[in-house]
Amino acid sequence: MSTSLSPERAARVPVKRSALAFLTDWIPRLVLAPSVAVSLFFVYGFMIWTFVLSLTNSRMLPSYDFVGFAQYAQLMANDRWWVAATNLVVFGGLFVGICLVLGALLAILLDQRIRQEGSLRTVYLYPMALSFIVTGVVWKWLLNPSLGLQAMVRGWGFEDFTFDWLVDPDMAVYTLVIAAVWQASGFVMALFLAGLRGIDDSIIKAAQLDGASLPRIYARVVMPCLRPVVFSAVMILSHIAIKSFDLVVALTGGGPGYASDLPATFMYTHAFTRAQIGLGSASAMLMLGGVLAILIPYLYSELRSRRHG
Amino acid sequence: MRSLLRFPLRKSLLGLAVGGALASAPVQAGEVEVLHWWTSGGEARAANVLKDLMEAEGHAWKDFAVAGGGGETAMTVLKSRAMSGNPPSAAQIKGPEIQEWGELGLLGNLDDVAKAEDWEGLLPEVVADIMRHDGQYVAVPVNVHRVNWLWANPEVLSEAGVEVPTSLDEMFAIADELRAAGVIPLAHGGQPWQDATVFETVVLAEAGTDFYRRALVELDPEALNSETMVDALTTFKRMRTLMDDGMSGRDWNIATSMVIGGQAAMQLMGDWAKGEFTAAGLTPGEDYVCVPAPGTESAFTFNIDSLAMFKASDDEAQVAQDDLARLVLEPTFQEAFNLAKGSIPARADLDMSDFDSCAQRSMADFQATSESGGLVPSMAHGMAVRASVQGAIFDVVTNFFNDPNMSPEAAAERLANAGSSLL
């Protein structure tokens, strides 16, 4: 990067002024360049590397014997992968959906100018301060049939009470939803509360003057105003859902069997503990594909509609 | 101003330190860096024995301990070190994984030490085989764990009026009495490797060592998808009736503490469980009982920790590495290490009088089975098959164990696929 200017430019403007202009032009770029280079390399570079590895027969260490799409074929034939993928759909869908509804509801209730709002808000927001590992361990104890909820209720005398989702292969994935919703809905509430506070009172007053009922005001006036909030909440929640790993490890360990496995845990297990880096990379690429398939259309529609609207 | 003054001082201190290190270097004969995950109390003490021995020989010991369950973290670190061309001198690598590292051409040759120390004569053939890649010794065994143990709380058993079972049938037979006494018959942790530990023990008890070897070591698809396997799987599923509801995801040591505390009567687990009993201040034979897993008296499933040696960079390093390999198998280390870790020495000619009764029994059986052919590698503990195949078998076993709707026939078929379908 030299400081000399092109002759035309130097001739057109006084030297001092142009040096300043040059700096104003280039300083932001110079400052950003390292981080852009680093993310290009470490994010996109590694994505490409992962893709390359997924086409090889890499086992314990990366190798470059290309086998085409054999790893993908093997992945498609793998029961456990399908369990993990289905679980992600179930877990992700329920987690994002329930968090949004619950968060919005809590925010609306808190928004009624009640007393002690500050402390209530803290109570709801607090779980977000915990690590997913802690949440996982706590819920593991709570849901363990011989230690937690079931044992407690049976101890009260309801001998037939059964709540053994944690150890039931068909239900284990829903325990992940319970723990994750408990953790994240308070955060969504905070987002919505901030959004609600940002809405101009006069719109609501106008609606009230027009005789709209309270639920109707929320449905037709407030919620549409909160579109950007919903947008960011969905973005944050879905990325939490897709990268969910620690929660699974702490709460169910992927079990019983591998009934509550998610693609992230599948990828980790195969690439790092089972010496199948090729297969692990293939599953990572499919995860990336899944994320892009959902996010790109969503981003596109949201960003476009906002520009037009 | 202050920093200006301090700078030269700091620099000269640094110079002194570097100079000191350089000056002291020639005194050392060589340096070994050993990657291991012996990080818990007893294990760390055991590893220290080796360090002291090496230092007594004049070598420098660079400890490279990476904590983390089962060594997964350590293996990840090792892979990145190996990829960057800077592997440690030795690493705790075991079983068929030694072959994988050998195939990458990274392991050194220990044949000279092996010949000088007569490893052929010291190690049972099954064990020596695992330590060799391409006919050359590349690793040295540190200890032997027996996996097919049954741990029992005698007080609980006698209160329920039953004996320690010697066959799986007896085990099922006493379950009702134990339940009636308010005790869980068999403590278990529902993690894939624990399910697989019980599974391999059941296969061994039901079908014997020859079948075990054909199915779980050689991965013969006919054996994996046979009537015998279906029977073994059926019995394996029946083991579930001996366990409690809360087992899912439980750690093995929690299960052991249930036996210690008397909530459960027995546990099928390798001899590392002894560490928990010892830590609780209990005496073998009195406060707790260790017997071979029911139906597997004449067999011994082993789980052997070993140190694999990476190619040495120069002669000094080679000398240090050879000394390390020799010391690991020498009686001093074998005794001290295994007393601290609760396992038994890898060589069969040692005086076992300092060891407890469980270890003595284990050693006697190790010798006997290595002669009778009952010595088999543990599939569940990564001694029999490669990690990828092991993982695929784990998937089938744990899924079958937990899925009430999967038939044993379907599981046997999937086992056969798991053994053959990997790249």
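The values are calculated or read from the model by the stated rules, or taken from the named source; none is laboratory data. What you see is a predicted model; the values in this text were computed from it and never measured. Cβ: placed from backbone, ideal geometry, glycine included. Neighbour counts: every protein chain shown. In case anyone asks, the SASA skips ligands and DNA or RNA and just uses the protein heavy atoms, side chains included. Shrake-Rupley method; radii C 1.70, N 1.55, O 1.52, S 1.80 Å.
Helical content alone sets the calculated 222 nm signal of the protein assembly as shown at -18500 deg cm²/dmol, taking -39,500 (n - 2.57) per DSSP H segment of four or more residues and averaging over every residue. Scanning residues 5 or more positions from B:Val142 or on other chains, those with amide H under 5 Å from its amide H are B:Asp305, B:Ser306, B:Leu307, with H placed 1.01 Å from N in the peptide plane. Under 5 Å from the amide H of B:Leu35 lie the amide H atoms of B:Ala90, B:Ala91, B:Gln92, each residue being 5 or more positions distant or on a separate chain, with H modelled from the backbone and absent for Pro and chain starts. In this simple spin-label approximation, A:Met128 and A:Arg227 carry label points 7 Å from Cα along the Cα→Cβ vector, and these lie 2.4 nm apart.
Between 0 and 90 degrees, the angle of helix B:252-261 with respect to the longest Cα principal axis of chain B falls at about 60 degrees. Taking Cβ atoms as reference points and 14 Å as the exclusive limit, the residues near B:Ala187 contribute a net charge of -2, counting Lys and Arg as +1 and Asp and Glu as -1. Its residues counted as N, the range A:125-261 yields a C-alpha radius of gyration over 2.2 N^0.38 Å of 1.40. Largest first, the three principal axis extents of the alpha carbons in the range A:42-120 are 67, 31, 18 Å in whole numbers.
Length available on full extension from A:Thr86 to A:Ile199: 0.36 nm per residue minus the Cα-Cα distance, which gives 36.8 nm.
The mean number of partner chain beta-carbon atoms within 10 angstrom of a residue's beta-carbon across peptide A:257-270 is 3. Of the residues A:Ser244, A:Ser58, A:Ser18, the one that moves most in a GNM of chain A with alpha-carbon contacts below 10 Å is A:Ser18. By the rule of a second cysteine Cβ within less than 4.7 angstrom, the protein assembly as shown holds isolated cysteines at A:Cys99, A:Cys225. Could you tally the net charge around A:Thr252, taking each other residue with its Cβ under 10 Å from the Cβ of A:Thr252, Lys/Arg +1 and Asp/Glu -1? It works out to a net charge of 0. Measuring nothing but alpha carbons in the range A:79-176 and taking Rh as the Kirkwood radius, the Rg to Rh ratio lands at 1.06. Computed over chain A, the P(r) curve from all C-alpha pair distances, binned at 20 Å from the origin, holds 24, 44, 27, 5, 0 percent per bin. Quick check: the angle from helix B:168-180's long axis to the longest principal axis of chain B, C-alpha only, nearest 10 degrees? Here the helix axis deviates by roughly 80 degrees. Take the Cα of B:Ser420, go 7 Å toward its beta carbon, and the backbone nitrogen atoms of the range B:372-399 under 17 Å from that spot belong to B:389-390, B:392-393. Using C-alpha pairs below 8 Å separated by at least 6 residues, the relative contact order for chain A is 28 percent. Residues in the range B:270-284 carry Karplus couplings, in order, of x, 6, 5, 4, 4, x, 5, 5, 4, 4, 7, x, 9, 9, x Hz; the curve used is 6.51 cos²θ - 1.76 cosθ + 1.60 with θ = phi - 60°, and Gly or Pro positions show x. With the simple spin-label model, which puts each label point 7 Å out from Cα in the Cβ direction, the A:Met76 to A:Ser35 separation comes to 4.1 nm.
What pairs from A:Lys140/B:Lys237; B:Lys94/B:Lys237; B:Lys51/B:Lys274 go past 27 Å between their alpha carbons? In this structure, B:Lys94/B:Lys237 exceed 27 Å between Cα atoms.
Highest mobility in the GNM of chain A, judged by mean-square fluctuation with C-alpha springs under 10 Å and restricted to A:Phe95, A:Phe69, A:Phe266, is found for A:Phe69. Charge dipole of chain B (Cα centre as origin; +1 on each Lys and Arg Cβ, -1 on each Asp and Glu Cβ, all else neutral): 2000 debye, rounded to the nearest 20.
Placing a label point 7 Å from the Cα of B:Leu104 along the Cα-to-Cβ direction, the residues of the range A:34-66 whose backbone N falls under 14 Å of that point are A:58-64.
Measuring nothing but how far apart in sequence close Cα pairs (under 8 Å, 6+ apart) lie, relative to its length, the range B:228-346 scores a relative contact order of 21 percent. Restricting attention to the range A:59-133, which trypsin sites (Lys or Arg not before Pro) occupy a DSSP loop and are surrounded by at most 13 other Cβ atoms within 10 Å? When the trypsin sites (Lys or Arg not before Pro) of the range A:59-133 are filtered for loop state and at most 13 Cβ neighbours within 10 Å, A:Arg113, A:Arg115 remain. Equivalent-ellipsoid semi-axes for the protein assembly as shown (Cα gyration tensor, √(5λ), whole Å, largest first): 51, 40, 25. Helices assigned as whole DSSP H runs in chain A whose Cα atoms extend at least 27 Å along their own long axis and whose mean Kyte-Doolittle hydropathy is -0.5 or higher are found at A:15-39, A:79-110, A:172-197, A:277-308. On full extension, the segment bounded by A:Gln112 and A:Leu20 gains 27.8 nm, given 0.36 nm per residue less the C-alpha separation.
Counted residue by residue at 0.36 nm each, then reduced by the alpha carbon distance between them, the extension gain from A:Leu288 to A:Trp49 reaches 84.7 nm. Accessible surface area normalised per residue over the protein assembly as shown is 47 Å², counting heavy atoms of protein chains with a 1.4 Å rolling probe. Taking Cα atoms only, the orientation of helix B:331-341 departs from the longest principal axis of chain B by about 60 degrees. Most fluctuating residue of A:Asp25, A:Asp201, A:Asp168 in a GNM of chain A with Cα springs under 10 Å: which is it? Maximum fluctuation in the GNM of chain A, among the listed residues, is at A:Asp25.
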